[in-house]
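**Q** Next up is a structure, given as C-alpha cells.
What follows draws every value from the coordinates through simple rules; no lab data is involved. Quantities reported herein were computed from a predicted structural model and do not represent experimental measurements. Virtual Cβ from ideal backbone geometry, glycine too; neighbours counted across all protein chains shown.
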Amino acid sequence: MHALSSPTVMPDGLLQGLHTAPDAATLAYQLAQVVAGQLRQAVARRGQALLVVSGGSTPVPFFEALSTCELPWSRVVVTLADERWLPDTHPDSNARLVRAHLLQGAAAEARFVPLFNGAPHPAQGLPALEAELVRLPWPADVVILGMGADGHTASLFPHAPELSEALSPEGAGRCVAVSAPQAPNVPVPRVSLNARTLLDTRQLMLHLTGEAKLTLLRQAAASCDRQACPIALAVCQSTVPCAVFHT
C-alpha cells in the first residue's frame, strides 16, 4: 500500500488536508484505499454504507481501483452526485461510466441507484427521483466531488439560473433540475444533488488533477463566492470534513 503524503492545510483552514501523488494512477489507488476503509467502517458500525460518486474522466482510474478492493459490496449503496439527462446506453451517461468501471467483479454486488429515470426532462423526473433518494441511508459515508475548469462541481455551474436554489441550505428536496450548460461542458440538461445533500455526508473528498485546478480551488477557498465558483460550497464550510486528493 502506498502511504498518503502528510496533510497540508488549505488557506481557509477548513480543509482536513491536501493529499498529493506523483501521478493519476497512484492518486487513484490512494483514494480507493481511503474510501474502501471508510466504507468498511460504515458497514461494521451500521450494517450498510452509502457512497456518492461523480462522473467525468478523472474518476475512471479511481473507480477501477476501488472495484478491486475487498469490501462487503452487497451492503454498499452507490449513487451519483449528478447526471446528464441521458439513458445509460449513451456514451456521456455517468451511470454508464459507473457500471463500466466501478460495478465490476465483486463490486457488481453493490446496489446502484442511478439518477436518470427516463422522464422526458429532468424537471418531470424529479418527483420520482426525490422519492428514490429519500429512501437512501443518509448521511452518506463518503461523497466524492470533482471540479471543472470553470469551478463547477456536480452539475452546479457558475451563475446558472438554478444555482441559488441549489445552494440554499433551506431548499426543499435533495436534487435540482439543471439547464444545459455551455460548451465545453456536455450541453445537455442534467439533474444534480443540491448543496445541502452533497454536504449530508460523514466525509467529503475532492478528486482533482492539474495545477490549474488546485490554483482555482485555493482561489475558491479564499473568496468563498459560491455563485462564481460553486466548488466553494465544499471548501467554505466547517461542518463536514473535507480532504483533497490531487496530482
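**Q** Could you calculate the contour length gain from ALA128 to GLN237, that is, 0.36 nm times the residue separation minus the distance between their Cα atoms, to one decimal place in nm?
**A** 36.2 nm
**Q** Same structure, new question: HN-Hα J couplings of the stretch 222-230 from phi, Karplus 6.51/-1.76/1.60, θ = phi - 60°, integer Hz, Gly and Pro as x?
**A** Here the 3J(HN,Hα) series is 7, 8, 6, 8, 5, 6, 7, 9, x Hz.
**Q** Then there is this: Give me the tail of P(r) for the chain as a percent: Cα-Cα pairs with distance above 26 Å.
**A** 33
**Q** Quick one: 3J(HN,Hα) in Hz for the stretch 207-220, Karplus 6.51/-1.76/1.60 with θ = phi - 60°, rounded, Gly and Pro as x.
**A** 10, 10, 10, x, 5, 4, 6, 5, 4, 5, 5, 5, 5, 5
**Q** For the chain, what is the relative contact order in percent, using Cα pairs closer than 8 Å and at least 6 residues apart in sequence?
**A** Computed over the chain, the figure is 23 percent.
**Q** Are there cysteines in the chain with no second cysteine's Cβ under 4.7 Å away, and if so, which?
**A** CYS69, CYS175, CYS229, CYS242
**Q** Given springs between every Cα pair under 10 Å in a Gaussian network model of the chain, which of GLU165, GLU109, GLU211 has the largest fluctuation?
**A** GLU211
**Q** Which value at 222 nm does the chain reach when only helices count, each DSSP H run of 4 or more adding -39,500 (n - 2.57), with the total divided by all residues and rounded to the nearest 500 deg cm²/dmol?
**A** Per the formula, -9000 deg cm²/dmol.
**Q** What percent antiparallel are the DSSP beta bridges of the stretch 68-192, to the nearest 5?
**A** Among the beta bridges of the stretch 68-192, antiparallel pairing accounts for roughly 70 percent.
**Q** Mind telling me which of VAL178, VAL142, VAL34 comes out most flexible in a GNM of the chain, alpha-carbon contacts under 10 Å?
**A** VAL34
**Q** Using a Gaussian network model of the chain whose springs link C-alpha atoms within less than 10 Å, name the residue from VAL53, VAL186, VAL235 with the highest mean-square fluctuation.
**A** VAL186
**Q** With both bridge residues required to lie in the chain, what share of the DSSP beta bridges run antiparallel, to the nearest 5%?
**A** Within the chain, antiparallel bridges account for around 25 percent of the total.
**Q** So how much slack lies between ALA44 and THR26, counting 0.36 nm per residue of separation and subtracting their Cα-Cα distance, in nm?
**A** 3.8 nm
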